[in-house]
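Notes follow once the structure below has been shown.
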Amino acid sequence: MTSARARKARVAAMISILRRLGKDLLTLFWGADPAAPLPPLRRRWLRPLLVLAAAGLLALAAKYLQDTRHMSAPVAMALGAVTVLPLLVLWAKPLWAWRIAYVGLLVGSLGQTSGEAWPWNPVQVLVTIAVMVMVALREPPGVIFCSGVSVVLLVSFRVEPGNVAGVTVLIAVLLVLGEHIGRRRFQRAEVTPSERGEKMTWAPAWRARLAKLASVLRRLGWDLLTVLWGADPAQPLPPIKRWWIRLPLVLAGVGLYLEAAPELSNPVSMVLAFVTVLSLVVLWRKPLWAWRLAFAGLLIGGFGQTQEQAWPWNPVQTLAAIVILFVVALREPPGIIFWIGVSAALTVWIRSDNAAAATVLIAVLLVLGEQIGRRRRLQRALVVQSERGEIAEAREAILVERTRIARELHDVVAHSMSLVAVRAETAPYRLPGLPDPARDEFLALAATARDSLTELRRLLGVLRTEQTEPELTPQPDLSDLDDLVASARQAGMQVATAISGPSPSAATGLTTYRIVQEALSNAARHASGAPVEVTVTTTKRQTRVEVRNGPGAPAPSPQGTGHGLVGMRERVELLGGTLRTGPTDDGGFAVVATIPGGPR
């Protein structure tokens, strides 16, 4: 069933195409022109110039017909008018121009003699080419196809079989190229006859085109200056590590060149040998300089050509030039490649009898190298883009994970801390008859809970953003250490402090505060009731923080996970310092941090 339906669909599509081609064929010969009319020429002085050009072509066509066909002047003028008339209506009505040109081709072929291989005069051929290009630019594809088939059929009947293939290829190239350009330049839209007089689908932007042409010429001029004496725009490759390999290569190249050198004087041969080999030596780092040296060698070698020599350059020099051309095409911009190809082709045309084949070889090398180089650059760009995409995806995944952690912290920890703060603040009102020390303890506990909530909100803000925003509230530093110690003493800890030296930088002060905060928390959790000594010493070169506690009983709270020590170590290492933690000889615990950097 599926195959039968597919067969019916193909047959229906084929019938639709044939029906469409039939309508296009009718349109070609006597239908209305489907091309949208172009606006009239704004430059009025162009019209008489076109009329004069048409009159000149008419005179040339009539003169040709009189000389070759031996026609009378009136008949020759009439056929010449049919030949030139399509140019006058080509701008406004390209399809009518094609019909008149086709009639002229038919009339011209009827007057063909038996020994004449080509029945049409050169003016008629040029006019027909111009008409076909304009038709391909402005008409729909079906009309273009039918016009091309009609001309090919006429040519196949009136031209010798040996020339039919070449003419057919020329017609196909003109039509395909014109249709491709027209598809880009014109807006091919189905325009009804009522709209055809109103809708302008294309208007020539002469100023924009001239500006674009001037930009292209200016760019080519700069590229020519770059080829002659500018800096090499190619990105240099990394140098060869084993530089001593170059010396044997240079000597071998010079020997091969001298062995295959043409009949030049010995000093000239030595100069050519060193120039050729030197161009290969610098090719890795500076391809443009390599081409300049090779071009100079080609010029010098070409001047030594004798009359019997069809190719003035020896095989080593030719091979070096081929390699340099290919590498230049791989690594240089298109404008540089263009001028290098032009200079190489001119050198070959001036000094060689095999210029055509050499020019084709140069063009193939440059085009192939440029395509390969462009593909490699695109592949590298795709690799860089994919790496950037992977980095962006990793950042997105990290941000998503941080957002999830922030949500969990908010839902669990922040909620619990809020309950602690609320219960601590409301305890004196809910529990009447509390003694004053207990009331003060609850108030201190509520204040600590509120401070913890503030720190937690700051942490949640950092986790929810991809980049850390500037803090709106001041960060704690070494000056806030007294408040921290006072809060610990209110909790029942025995803390002794010794702070000496000037105030350190803001980053060092914040890290010092966090280290002491985490060390006091660990001492309260794991050595309850033990004395704690906090020593902070700041010198010109470093800040030393030491927190020691004696042996004590662990508090009835859950054991820690060790994240506090890891956080302290990360903070210290971020500033280039060191952290040492471990038990002491008397059974206590010590945290010693050394942070480089003097006072602020």
So for LEU366, LEU210, what's the accessible-area order with a 1.4 Å probe, most first? LEU210, LEU366
Please give the peptides 313-324, 219-230 ranked by average Cβ packing (other Cβ atoms within 10 Å per residue), highest first, as a rough proxy for protection. 313-324, 219-230
Give, in nm to one decimal, the length gained when the segment between VAL173 and LEU346 is fully stretched (0.36 nm per residue of separation minus the Cα-Cα distance). 59.5 nm
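Quick one: if the Förster radius is 22 Å, what FRET efficiency do ALA81 and TRP30 give, using the C-beta to C-beta distance and rounding to 0.05?
Computed FRET efficiency for ALA81 and TRP30: 0.50.
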Among 334-342, 533-541, how do they line up from the highest to the lowest mean number of other beta-carbon atoms within 10 Å? 334-342, 533-541
Where ARG388, ARG209, ARG7, ARG458 fall by accessible area, highest first, once all protein chains stay in place (1.4 Å): ARG388, ARG7, ARG209, ARG458
Return the FRET efficiency for the residue pair ALA357, GLU396: r is the Cβ-Cβ distance, R0 is 45 Å, and the value is rounded to the nearest 0.05. 0.20
Amide H to amide H under 5 Å from GLN494: which residues, 5+ apart in sequence or cross-chain, H placed 1.01 Å off N in plane? VAL532
Label-to-label distance, nm, for residues given as GLN235 and TYR429 (7 Å Cα→Cβ offset): 6.9 nm
Ranking by accessible area, most exposed first, for TRP30, TRP120, TRP284 with a 1.4 Å probe: TRP30, TRP284, TRP120
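The values are calculated or read from the model by the stated rules, or taken from the named source; none is laboratory data. Computed from a prediction, not measured in an experiment: that's the story for all the values here. Note that we place each Cβ from the backbone using ideal geometry, even for glycine, and neighbour counts take in every protein chain shown. With ligands, DNA and RNA removed, areas are computed over all heavy atoms of the protein, side chains included. Shrake-Rupley method; radii C 1.70, N 1.55, O 1.52, S 1.80 Å.
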